[in-house]
Amino acid sequence: MPLQTEKTYAETSRVQDMMLARGFEVYHSGGGCFHWSQDLSFGRYTLVNTDEDNPLDGSPEAKEWLFSVQTENENFIQVLELLSLEQIFELTSLAPTNIDDQYDCDDYDDAIALFDKLKLDISGSSAKP
C-alpha cells in the first residue's frame, strides 16, 4: 500500500477551502491518521475529521465530523455526537482556556454548556482575592 501523504488526503475541495480560510491546517498525528487542526492559545489545539476513508473531506453541512479540543498536557474536551463544520467553527471560537481534565460531551449543546461552565469557573476564580 502506498504511503498516504497530506497532499493525498487534502485534495482541493470545498471543505479544504473552508478549513484553510478558518485557519485550520492538515495535521498528521501518526500511524497514518490525519486531522484538520487549529492551534489555539494556551497550548490548546483542535482536532477535526470524519471517520470515513478520507478523514479530511466530506460534506460541510452534514453532521459527519468528529471534534475535540486537546491540550499539551493531554487534557481534552471531545464531542461524541457528529457535528457540521459550522458547529465546529462555533465551538472552536468558544473553546475555554482552562481545560483541566478529560471531558466527553454527548452533543453540541452539552459542549456549549461545558464551555460556559469552564469559562464561569475561570471568571469566578480570577475574581477571588
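Overview of values
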| quantity | calculated |
| --- | --- |
| Filter result (of a type in the set (A, V, I, L, M) and surrounded by fewer than 16 Cβ atoms within 10 Å (Cβ to Cβ)) within the range 48-64 | 62 |
| Those residues of the range 27-43 which are surrounded by fewer than 19 Cβ atoms within 10 Å (Cβ to Cβ), part of a strand (DSSP E or B) and more than 12 Å from the chain's Cα centre (by Cα), in sequence order | 28, 29, 30, 33 |
| Selection count where residues are outside any helix (DSSP H, G or I) and farther than 16 Å from residue 42 by Cα, scope the range 87-113 | 6 |
| Those residues of the range 1-15 which are modelled with pLDDT of 85 or more and within 17 Å of residue 66 (Cβ to Cβ), in sequence order | 15 |
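To keep it simple, each residue is scored yes or no on (1) under 19 Å from residue 25 (Cβ atoms); (2) surrounded by fewer than 16 Cβ atoms within 10 Å (Cβ to Cβ); (3) in contact with a Phe, Trp or Tyr (Cβ under 6 Å, 6 or more places away or on another chain).
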site	(1), (2), (3)
66	yes, no, no
71	yes, no, no
74	no, yes, no
92	yes, no, no
99	no, no, no
102	no, yes, yes
105	no, no, no
113	no, yes, no
119	no, yes, no
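The values are calculated or read from the model by the stated rules, or taken from the named source; none is laboratory data. Quick caveat: nothing in here was measured; it's all calculated off a predicted structure. Neighbour counts are summed over all protein chains in view; Cβ atoms, including those assigned to glycine, are modelled from backbone coordinates with ideal geometry.
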